[in-house]
1. Which of (1) under 9 Å from the mean Cα position of the chain (by Cα); (2) at pLDDT 90 or above is the odd one out, the single condition L78 does not satisfy?
2. Take region 41-61 and flag every residue that is surrounded by 13 or more Cβ atoms within 10 Å (Cβ to Cβ) and more than 17 Å from D76 (Cα to Cα).
Amino acid sequence: MNKKIIGGASETSLDFEMTDLEERLTGAYGVEVKNEVIEMLKGKITALSELISDGLGPDDLRSAKRVLDGLIAARDTLSQFPV
């Protein structure tokens, strides 16, 4: 079961439960895990932003913006997580 990300990204979920991410972040390699996930999110944000800029139909644009908002919220939430 996937748990939803907190921080306004109600339609975005990760492939692992939040407790798993918390364990990874507080483990010996927490900083590396945090940086790796943040970089992955930044890449997805950039790719989706470019797709939106290229032009989408109204329904796709609405969905893409919701996903983009979720990715940004996930990145911002993770950035604030103390490691």
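The values are calculated or read from the model by the stated rules, or taken from the named source; none is laboratory data. This structure is a prediction, so every number in the text was calculated from the model and none was measured. Cβ: placed from backbone, ideal geometry, glycine included. Neighbour counts: every protein chain shown.
1. Checking L78 against (1) under 9 Å from the mean Cα position of the chain (by Cα); (2) at pLDDT 90 or above, the one that fails is (2).
2. L51, I52, L56, L61
Conditions tested, residue by residue: (1) in contact with a Pro (Cβ under 6 Å, 6 or more places away or on another chain); (2) within 25 Å of V83 (Cβ to Cβ); (3) modelled with pLDDT under 90.
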position: D20; (1), (2), (3): no, yes, yes
position: N35; (1), (2), (3): no, yes, no
position: K42; (1), (2), (3): no, yes, no
position: S63; (1), (2), (3): no, no, no
position: R66; (1), (2), (3): no, no, no
